[in-house]
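Take a look at the structure below.
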Amino acid sequence: QVQLVESGGGLVQAGGSLRLSCAASGRTFSSYAVGWFRQAPGKERDFVSAISRSGGNTVYADSVKGRFTISRDNAKNTVYLQMNSLKPEDTAVYYCAANPYSTSEYYPSYNYWGQGTQVTVSS
């Protein structure tokens, strides 16, 4: 079993940057692909990015390509989401999630979820 804790959210002006972290418990973290999703008030949970178990494969939603970068440090049991050139429409609660298979844009594919971290981008 994996427990996930997100951090790094906050309030930032449009054009600014934030780095989210997803820290995992357990010695088998490298056996899990990790995804980031976000949910704005009144909207569905949307895929943002995902990274494979080794970190060799990454996937991004079209809305964040070129602005966000996902990475992982398996020695630290942590996945990062570097968010640059933030826009007001990026405002949401960001969740990380893990599954033992592969990168997926489909949130039901993920078995384990963190509690979320709020990102607010002001215009």
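The values are calculated or read from the model by the stated rules, or taken from the named source; none is laboratory data. Note that the structure is predicted; figures quoted are calculated from it, not measured. Ligands, DNA and RNA are stripped out before the accessible areas are found, and what is left, the full protein with its side chains, is counted by its heavy atoms. Shrake-Rupley method; radii C 1.70, N 1.55, O 1.52, S 1.80 Å.
Residue ranking by accessible heavy-atom surface, 1.4 Å probe, largest first, among Lys87, Lys65 comes out as Lys65, Lys87.
Straight-distance candidates among the lysines for linking to Lys43, with alpha-carbon spacing under 22 Å and chain neighbours fewer than 8 residues away dropped: Lys65, Lys87.
Could you state the number of Å between the C-alpha centres of the range 1-29 and the range 78-123? Value for the Cα centre distance between the two parts: 8 Å. State, as an integer percentage, the relative contact order of the range 5-123 based on alpha-carbon contacts under 8 Å between residues 6 or more apart. RCO, the range 5-123: 37 percent.
Take every Cα pair under 8 Å whose residues are at least 6 apart in sequence, average their separation, divide by the length of the range 73-123, and the relative contact order is 45 percent.
I'd like the accessible area for Ser21, computed on protein heavy atoms only with a 1.4 Å probe and all protein chains in place. Round to 10 Å², please. My reading of the accessible area for Ser21 is about 20 Å². Could you name the aspartates and glutamates whose alpha carbon sits less than 16 Å from that of Lys76, not counting residues in the same chain fewer than 8 places away? Reachable aspartates and glutamates: Glu6. The amide H of Gly116, built 1.01 Å from its N in the peptide plane, has Glu6, Cys96 as neighbours under 5 Å, considering only residues 5 or more places off or on other chains. Phi angles of the range 56-61 translate, via the Karplus equation with coefficients 6.51, -1.76, 1.60 and θ = phi - 60°, into HN-Hα couplings of x, 10, 10, 9, 9, 5 Hz per residue; Gly and Pro are given as x. Sorting Tyr80, Tyr112, Tyr107, Tyr101 by solvent-accessible area of protein heavy atoms yields Tyr101, Tyr107, Tyr112, Tyr80, largest first, with a 1.4 Å probe.
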